[in-house]
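Remarks on the structure that follows.
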Amino acid sequence: MVESYTCPSCGTRGMQVFHQTESVPTNSCILLGSREEALAYPRGRIELAFCPACGFISNMTFDGRLTEYSGRYEETQGFSETFNAFHRKLANRLIERYDLHDKDVLEIGCGKGEFIALLAELGDNRGVGFDPGYREERTADALTDRLKFVKDFYSEKYSSYQADFVCCKMTLEHIHPVSQFLSTVRRAIGDHHDTVVFFQIPEVMRIVRDCAFEDIYYEHCSYFSPGSLGRLFRQNGFDVMNLETEYASQYLTIEAKPSRGMPTAPLAQENDLALLARYVAEFPAKCRTKLDEWRRRVREANGRGRKIVLWGSGSKAVSFLTTLGVGDSIEYAVDINPYRHGYYMPTTGQRIVSPAFLKEYQPDVVIIMNAVYRDEISRDLDRMALRPEILAL
Ligand SMILES: [Zn+2]
């Protein structure tokens, strides 16, 4: 009985299932060395449920044992000038706002360590990063004396690591027992009441409002709006200082501090439950229309013999190919991250190629997986004197 799902965020029974996808790869960013391995990659299902009590959205059929975060998980966005400019600005903002100079920072889910390296470099801070997928060779030698990395998931056993600033970017959405995780973070901070906690995740209000189906994939089992994220933090002993959306409203950030006992008043942005419930109710019909439109565009181009490539080979591209079921109409996915070149897309098997490959391939249509990179990609195509039709999600 789906009605019996209990919310992993607030503990209330009665989550409502509103979206299902079958047969999606259980990893989107994994490097797969052959087309055969890619086609045979394990699949799982997505059953998104909404909690009317707190607004949390979760894939309630998620099985963490099917995901893999290792050195062959290649998720970095650090080869994009657009992303790097954003990342640097974010680091500077946090350094300035919380006077992060000569301080200790801790990052949970640091990926390849780019953000903690920025905090160390720009604020002269020291840091410890946790991530099973971290790779030493990605950190500049000049920073290695100030940074330490633990190739493991952060957990209770690391609670002896104390810091002035705890950050966790694009990680909470990969965790299913979200309340349990946040209580671990809160217990580790203990009575260090000045510790600032910063989290960044995808923002779900936009995803359900616009039916951003490309942002729904297996690794992302947990989805928050400003209100549901604020409620999770308050319930686990934090005061919420700030909630913001950025990067074309795709990212949601929260800044919080351990509560001293007297709950603070909710911020205006936390009052979003009714609107979110409406978007969730409208989602299935809107999503069907949007998926049909994209299928029509791809099939039509394909039927006219036009060559289509995806620009972007990460999670959004995986979701695009599997949710629409158009894998057989597209031969290649382009990526600017050289670490991904020569590998294959999980379950649909497209080869991942460099932008330079397009000079030879001469695509007729380029579908951009994230419109935020449209200018950057258009410039790259211009430089190669390519003039394909550009479509963007
Ligand atoms: Zn809930």
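The values are calculated or read from the model by the stated rules, or taken from the named source; none is laboratory data. This structure is a prediction, so every number in the text was calculated from the model and none was measured. No Cβ is skipped: glycine too gets one built from the backbone with ideal geometry, and neighbour counts run over all protein chains shown. For accessibility, only protein heavy atoms count, side chains too; no ligands or nucleic acids. Shrake-Rupley method; radii C 1.70, N 1.55, O 1.52, S 1.80 Å.
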Can you pull out every residue in region 322-339 that is in contact with a Pro (Cβ under 8 Å, 6 or more places away or on another chain) and open to solvent by less than 10 Å² (accessible area, probe 1.4 Å)? Val334
Complete set of residues in region 265-285 that are closer than 12 Å to Gly230 by Cα and open to solvent by 60 Å² or more (accessible area, probe 1.4 Å): Ala265, Pro266, Ala268, Gln269, Asn271
Taking region 3-38 as the search range and keeping residues that are of a type in the set (Ser, Thr, Tyr) and touching a helix residue (DSSP H, G or I) at 6+ places or on another chain (Cβ under 8 Å), which one is farthest from the ligand (Cβ to nearest atom)? Ser23
Count of residues meeting criterion [assigned to a helix (DSSP H, G or I) and in contact with a Pro (Cβ under 7 Å, 6 or more places away or on another chain)] in region 272-321: 2
Mind checking which pairs have a first residue in region 228-255 that is within 16 Å of the ligand (Cβ to nearest atom) and a second that is among the polar types (S, T, N, Q) and assigned to a loop (DSSP other than H, G, I, E, B), Cβ under 7 Å, 6 or more apart or different chains? Ser228/Ser9; Leu232/Ser9
With respect to the numbered conditions (1) among the charged types (D, E, K, R); (2) out of contact with any Leu (no Cβ under 9 Å at 6 or more places or on another chain); (3) surrounded by 18 or more Cβ atoms within 10 Å (Cβ to Cβ), which one is the sole condition not fulfilled by Arg288? (3)
Residue count, region 344-390 (criterion: more than 21 Å from the chain's Cα centre (by Cα) and more than 16 Å from Ser319 (Cβ to Cβ)): 29
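Are any of the residues in region 302-320 aromatic (Phe, Trp, Tyr) and open to solvent by 30 Å² or more (accessible area, probe 1.4 Å)?
No: region 302-320 contains no residue that is aromatic (Phe, Trp, Tyr) and open to solvent by 30 Å² or more (accessible area, probe 1.4 Å).
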Report whether or not Phe213 is in contact with a Leu (Cβ under 8 Å, 6 or more places away or on another chain), within 16 Å of the ligand (Cβ to nearest atom) and among the hydrophobic types (A, V, I, L, M, F, W, C). no
When region 137-156 is checked residue by residue, the ones that are in a strand (DSSP E or B) and surrounded by fewer than 15 Cβ atoms within 10 Å (Cβ to Cβ) are Lys148
Take the residues in region 39-50 that are touching a residue at least 60 places away in the same chain (Cβ under 8 Å) and within 16 Å of the ligand (Cβ to nearest atom), then tell me which one is farthest from Tyr218 (Cα to Cα). Phe50
Would you please name the residue that is modelled with the highest pLDDT, looking only at residues in region 84-136 that are part of a helix (DSSP H, G or I) and of a type in the set (S, T, N, Q)? Asn92
Of everything in region 377-393, what is of a type outside the set (Val, Ile, Thr), under 16 Å from Thr82 (Cβ atoms) and at pLDDT 95 or above? Give them in sequence order. Ser378, Arg379, Asp380, Leu381, Asp382, Arg383, Ala392
Hits in region 340-363 (condition: in a strand (DSSP E or B) and surrounded by fewer than 22 Cβ atoms within 10 Å (Cβ to Cβ)): Arg351, Val353
Top-ranked residue of region 246-257 - restricted to ones that are touching a helix residue (DSSP H, G or I) at 6+ places or on another chain (Cβ under 8 Å) and closer than 30 Å to Pro42 by Cβ, ranked as surrounded by the most Cβ atoms within 10 Å (Cβ to Cβ): Leu252
